[in-house]
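Since the structure comes first, as structure tokens, the remarks are kept for the end.
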Amino acid sequence: MAQVHGQQILGRRETQEDAFDIILQNETDPRSDVLMLLADGMGGHAGGEVASGLALRAFAHHFTQVARAPRPADRLQEALEAANEAIRGALARDASLRGMGCTLIAAIKLPDRLVWVSVGDSAIYLLRRGTIRRINADHSIFGELMTLVEAGRMTRAEAASHPRRNVLRSALTGGPLTLVDLNSVTLEPGDVVLIASDGLDALSEAEVVEIVGERFRAGPRAVTEALLAAVERKANPSQDNTSVILYRHAGQGAAPARTLPRRLAATAGTGAVLALAGLAVYAGMGGFSDPPAPPTPEPPRGAAEMRAIPAPVEEAPAAKPEAAEPPPPEGPAAKPEAQPEKPSAPEASPAPARRPAAREGRPVKDDAPARADET
């Protein structure tokens with residue numbers, strides 16, 4: 001079986017607003033292509049729970065049964081728009097859901113590559129030879145403040161204590177998608193991909209590296225259980241829902257094409273991994289991987305890292321604040337501060353005119369310096 005597992009805990013919240021889904025091209029083949037989905041809902045009452053579950057169902061349905069684009073990145077983008085449209089439709093039908101929204105990560109493991117689309121602040125981490133780094137964009141104000149930290153204009157402590165650090169600059173709310181991260185990275189044998197909601201922020205990166213290193217040989221289930229147990233041991237009185245998906249890369253390429261994908265999933269309100277019925281793979285697409293034809297056109301200059309997927313459109317650079325604590329840009333939604341419950345996402349405008357979202361196409365470097373061998 002593919003080396004992947006997902007699990008979640010409620011934390012100190014009354015409802016489970018996280019949802020995740022794992023779709024395998026071939027459940028019995030460890031080389032199988034894998035689609036991993038995770039959403040973190042917001043909106044108060046039942047809104048966050050509805051948003052995360054609805055977004056994942058709409059995304060999975062569109063990606064596996066509707067999308068016909070020949071490239072995985074294009075199918076990811078299409079499915080993301082379908083998930084956002086599903087939220088818009090639900091808001092139009094039910095006024096009680098006003099203010100709901102969610103983050104979303106969708107990542108495909110192809111033969112030796114991870115391709116993802118993400119909106120919001122949920123994280124994708126790559127662990128390699130004892131190092132850890134976040135590889136997707138952080139669409140919270142904290143992510144913007146970290147650019148000041150990297151420039152030496154603010155300390156990490158100042159960024160971490162900023163009063164609006166948890167405000168989201170982009171999320172699925174049924175309105176226009178202001179920021180979308182579409183990117184990819186090459187995987188090496190032994191790499192670990194960790195996808196997590198922000199509840200995992202209870203652990204430091206050093207703690208995550210230590211736990212993964214200690215439990216690596218026991219497999220993904222043991223690692224996810226250990227990570228969530230460590231979060232619970234923190235006994236944070238305002239601990240948020242925490243969901244994690246962990247994939248361990250064997251580096252053996254993709255499974256045979258045209259096999260039926262199967263799902264391991266947990267939607268909002270569940271905390272275990274459930275084996276569900278398989279989804280019919282889209283006809284003629286050969287699973288998740290790129291088809292053999294037509295031939296791939298020569299990529300634009302500077303797009304070598306994207307290879308067989310289109311080079312992302314560069315996002316227009318945001319204006320850099322001048323002060324150490326600048327007035328942060330307004331965002332479409334907010335995630336919880338340390339103590340209060342998650343605030344509602346703003347109401348989406350009815351039937352917004354469709355326009356392409358900005359794509360954050362910064363290259364992801366594959367040559368992070370190694371420190372200690374992770375075994």
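The values are calculated or read from the model by the stated rules, or taken from the named source; none is laboratory data. These figures come from a predicted structure and were not determined experimentally. Don't worry about glycine lacking a Cβ; one is built from the backbone with ideal geometry, like all the others, and counts go over all protein chains shown.
For beta carbons closer than 6 Å, sequence separation of 6+ or different chains, a first residue in the stretch 84-96 that is of a type in the set (D, E, K, R) and a second that is surrounded by 12 or more Cβ atoms within 10 Å (Cβ to Cβ) and outside any helix (DSSP H, G or I), the qualifying pairs are Arg88/Gly174; Arg88/Ala348. Among the residues of the stretch 1-20, just one is surrounded by fewer than 24 Cβ atoms within 10 Å (Cβ to Cβ), closer than 21 Å to Glu49 by Cα and within 17 Å of the chain's Cα centre (by Cα), namely Gln7. Total residues in the stretch 32-63 satisfying the condition of being modelled with pLDDT of 95 or more and polar (S, T, N, Q): the figure is 1. Every condition in (1) within 18 Å of the chain's Cα centre (by Cα); (2) surrounded by fewer than 24 Cβ atoms within 10 Å (Cβ to Cβ); (3) in a loop (DSSP other than H, G, I, E, B) is met by Asp121 except one, and the failing one is (2).
Filtered by the rule that a residue be closer than 28 Å to Asp191 by Cβ, in contact (Cβ under 8 Å) with a residue 24 or more places away in the chain and either in contact with a Lys or Arg (Cβ under 9 Å, 6 or more places away or on another chain) or in a helix (DSSP H, G or I) (or both), the stretch 155-170 gives no residues.
What number of residues in the stretch 135-154 are on the phi < 0 side of the Ramachandran plot, out of contact with any Gly (no Cβ under 9 Å at 6 or more places or on another chain) and either modelled with pLDDT under 95 or in a strand (DSSP E or B) (or both)?
Adding up the residues that qualify gives 12.
Inspection of the stretch 34-52 finds no residue satisfying the criterion of being within 23 Å of Thr186 (Cβ to Cβ), among the small types (Gly, Ala, Ser) and either surrounded by 18 or more Cβ atoms within 10 Å (Cβ to Cβ) or without any contact (Cβ under 8 Å) to a residue 60 or more places away in the chain (or both). Scanning the stretch 50-81 for residues being assigned to a helix (DSSP H, G or I), farther than 19 Å from Ile195 by Cα and of a type in the set (D, E, K, R) gives a total of 4. Tell me yes or no: at least one residue of the stretch 68-87 is crowded, with 17+ Cβ neighbours inside 10 Å, modelled with pLDDT under 95 and among the hydrophobic types (A, V, I, L, M, F, W, C). Checked against the condition, which is being crowded, with 17+ Cβ neighbours inside 10 Å, modelled with pLDDT under 95 and among the hydrophobic types (A, V, I, L, M, F, W, C), the stretch 68-87 yields no hits at all. Ile105 meets the stated requirement of being closer than 20 Å to Thr178 by Cβ, among the hydrophobic types (A, V, I, L, M, F, W, C), touching a residue at least 12 places away in the same chain (Cβ under 8 Å) and touching a Phe, Trp or Tyr at 6+ places or on another chain (Cβ under 9 Å).
Conditions (1) under 25 Å from Gly48 (Cβ atoms); (2) buried (at least 18 other Cβ atoms within 10 Å of the Cβ); (3) of a type outside the set (A, V, I, L, M), marked per residue:
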position	(1), (2), (3)
Glu144	yes, yes, yes
Arg153	no, no, yes
Pro163	yes, no, yes
Val192	no, yes, no
Ala196	yes, yes, no
Val209	no, yes, no
Arg215	no, yes, yes
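Of the residues making up the stretch 21-32, those that are buried (at least 21 other Cβ atoms within 10 Å of the Cβ) and in contact with a strand residue (DSSP E or B) (Cβ under 6 Å, 6 or more places away or on another chain) are Asp21, Ile22, Ile23, Leu24, Ser32.
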